1. Against the condition open to solvent by less than 50 Å² (accessible area, probe 1.4 Å), in a helix (DSSP H, G or I) and either of a type in the set (S, T, N, Q) or farther than 22 Å from Thr75 by Cα (or both), how does Phe143 come out, does it pass?
2. For Leu27, work out the one condition from (1) farther than 24 Å from Ala202 by Cβ; (2) in contact with a helix residue (DSSP H, G or I) (Cβ under 9 Å, 6 or more places away or on another chain); (3) of a type in the set (A, V, I, L, M, F, W, C) it doesn't fulfil.
3. In the stretch 170-196, what residues are in contact (Cβ under 8 Å) with a residue 12 or more places away in the chain and open to solvent by 50 Å² or more (accessible area, probe 1.4 Å)?
4. Can you find even one residue in the stretch 262-285 that is modelled with pLDDT of 80 or more, polar (S, T, N, Q) and more than 30 Å from Ser53 (Cα to Cα)?
5. All but one of (1) within 26 Å of Ser249 (Cβ to Cβ); (2) aromatic (Phe, Trp, Tyr); (3) assigned to a helix (DSSP H, G or I) hold for Phe178; which doesn't?
6. Hey, could you check the stretch 118-140 for residues that are farther than 14 Å from Leu216 by Cβ and among the hydrophobic types (A, V, I, L, M, F, W, C) and say which is surrounded by the fewest Cβ atoms within 10 Å (Cβ to Cβ)?
7. Quick one: in the stretch 153-169, of everything that is open to solvent by 10 Å² or more (accessible area, probe 1.4 Å) and in contact (Cβ under 8 Å) with a residue 60 or more places away in the chain, which residue is nearest to the chain's Cα centre (by Cα)?
Amino acid sequence: MVSRMNQTLVTEFLILGFSQSPDQQMLLFSAFLFLYTAALSGNLLIVVAISASPALHTPMYFFLVNLALVDILCTSTILPKLLGIMVARRTISYGGCMAQLFFFTWSMGAELLLFSAMAYDRFVAICRPLHYSALMGPRACAFLAGVVWAISLINTSVHTGLMLRLPLCRSNVVEHFFCEIPPLLKLSCSPTDLNEAMAFAADVFLAVGNFSVTVLSYGFIVTSIFHIRSAEGKRRAFSTCSSHLLVVSMYYSTIIYTYIRPASSYNLNKDKVVSVIYTSVAPTLNPLIYTLRNRDVKIMLRRLLSCS
């Protein structure tokens, strides 16, 4: 390892995971295999469909491609290892654990920021349609995407760096199904005040701040929708907004719940379901809610599948 206590070096962690009952393990393995397969195939289809269709090369779909890539990164960081520990050894090396922490935190920060970028794009499209081309041109979209990935990269670098400096020597048992900040902090035999303060600050900025931006944007959007004369137009707009807000609210609330509390209050039995939502369920639902309900994407997907 890496973590030292009385000259003892820890080289790997034991991932506690879920129930060890064989029947429940098989059920959970099937469920997570389905979630991973659905998330990976759904998001890959979105990337291919949008990339292959010039008609879909617009700001909205540009951000959707970025969201799909983030979801692929998130699920591929967590679920393959989880499936592995369900059927084989429940261990992960120190380096593997830190790598998992780095890439998961990177994807989580990027997802939160992308929700705000997508909400801003919809706000400009609906509330400032005459200025849309100027405000959301290719350079503006590339800049926003660059900011999203850069800020989330800086965020995860800070958290991973702070974790690397901690001696994790109380135990080698991670009370979770992957290496995340709260359960890892419980293993430290030195003060974690700085780590917890940075996690709290990041949560306020990335989760609470971006959620506020998203809700504010949709507030303006809903106000504009009321001015739509067509009843059908209002219904479709409200349907889209409500679906987006449902996923966003689910994702933000679980992230805020996990990271805004002290690490000492973390409990696997209470919090693992919450973690499943933002590591597995949300990446699986995003393609369905954001794109597969979209007529243009459906047409492009039919063309792709008919050619295969």
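The values are calculated or read from the model by the stated rules, or taken from the named source; none is laboratory data. A quick note: this is a predicted structure, and the numbers were derived from the prediction, not measured. Ideal geometry is used to build each Cβ from the backbone, glycine not excepted, and the neighbour counts take in all protein chains shown. When the accessible area is computed, the model is the full protein with side chains, heavy atoms only, and any ligands, DNA or RNA have been set aside. Shrake-Rupley method; radii C 1.70, N 1.55, O 1.52, S 1.80 Å.
1. Criteria not met by Phe143.
2. Just one mismatch for Leu27, condition (2).
3. Result: Arg170, Asn172, Glu175, Lys186, Cys189, Leu194, Glu196.
4. Yes, that holds for at least one residue.
5. In the conditions (1) within 26 Å of Ser249 (Cβ to Cβ); (2) aromatic (Phe, Trp, Tyr); (3) assigned to a helix (DSSP H, G or I), Phe178 misses (3) alone.
6. Among them, the one singled out is Leu130.
7. Let us first name the residues in the stretch 153-169 that are open to solvent by 10 Å² or more (accessible area, probe 1.4 Å), namely 153-155, 157-162, 164-165, 167, 169.
Next, only the ones that are in contact (Cβ under 8 Å) with a residue 60 or more places away in the chain stay: 160, 164, 167, 169.
Numbers: Thr160: 17, Leu164: 23, Pro167: 28, Cys169: 29 Å.
Here the answer is Thr160.
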